[in-house]
Amino acid sequence: MTRQAFQDIWIPLQGRFYRIAFFILENEADARDAVQDLYLKLWNLRDHLELIRNPQSYGSLMIRNLCIDRIRKRLPSDTLKEEMAVKGPPDEDLALREQLENVRKAMDALPESQRKLLSMRVIEGLDYPEIEKRTGLSGLNIRVQVSLARKRLKQLL
């Protein structure tokens, strides 16, 4: 794919990708970084992009996955937390333990339903339709509860 074709097809979709990233990450700087990462990946794949039939869907899926990866890096799994704690120097180990304890306390302060939905969405990486199937709740209700849980966590942390 030529530079001009890339600009004609992919650059106009930038606003859409940013809105998706901002919706998921709820942070302007993180959303901009995610979109930048997306365009770097797309540029590196430019020789194969001509095969993509629907750039909007393809890019939307990629930005969603990049955002999920960013969230997972922010809230590592218990196994990863333990590995990180073991490998760090003692003073970093203590700071990490304190930070993890604060996150655990904040998670415990959430209502059970919000904690469960946030865990399914962020830690397990499930998409909203899968959470709907598991819980029987509507997609809108799930989105609202996850958003409220994120906001509450930010307040507590």
*Is it the case that the stretch 52-68 has a residue that's farther than 30 Å from F6 by Cα, open to solvent by less than 60 Å² (accessible area, probe 1.4 Å) and either under 19 Å from the mean Cα position of the chain (by Cα) or modelled with pLDDT under 85 (or both)?*
no
*asked:* Show the residue pairs meeting these rules: Cβ distance below 6 Å; 6+ apart or different chains; first residue within the stretch 116-133 and in contact (Cβ under 8 Å) with a residue 40 or more places away in the chain and surrounded by 13 or more Cβ atoms within 10 Å (Cβ to Cβ); second residue in a helix (DSSP H, G or I) and not aromatic (F, W, Y).
replied: V122/I71; G125/I68
*Could you please find all residues in the stretch 1-31 being under 22 Å from the mean Cα position of the chain (by Cα), assigned to a helix (DSSP H, G or I), more than 15 Å from P55 (Cα to Cα) and without any contact (Cβ under 8 Å) to a residue 12 or more places away in the chain?*
R19, F22, F23, E28, A29
*Kindly list, by first and then second residue, each pair from a residue in the stretch 47-62 that is without any contact (Cβ under 8 Å) to a residue 12 or more places away in the chain to a residue that is part of a loop (DSSP other than H, G, I, E, B), limited to pairs with Cβ atoms under 7 Å and residues at least 6 apart or on different chains.*
Y58/I52
*Can you pull out the residues in the stretch 136-152 that are open to solvent by 40 Å² or more (accessible area, probe 1.4 Å) and either part of a helix (DSSP H, G or I) or closer than 16 Å to F23 by Cβ (or both)?*
L140, N141, R143, V144, Q145, L148, K151, R152
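The values are calculated or read from the model by the stated rules, or taken from the named source; none is laboratory data. Fair warning: this is a prediction, and the values are worked out from it, not measured in the lab. Because the Cβ atoms are built from the backbone with ideal geometry, glycine has one as well, and the counts that use them run over all protein chains shown. Ligands, DNA and RNA are stripped out before the accessible areas are found, and what is left, the full protein with its side chains, is counted by its heavy atoms. Shrake-Rupley method; radii C 1.70, N 1.55, O 1.52, S 1.80 Å.
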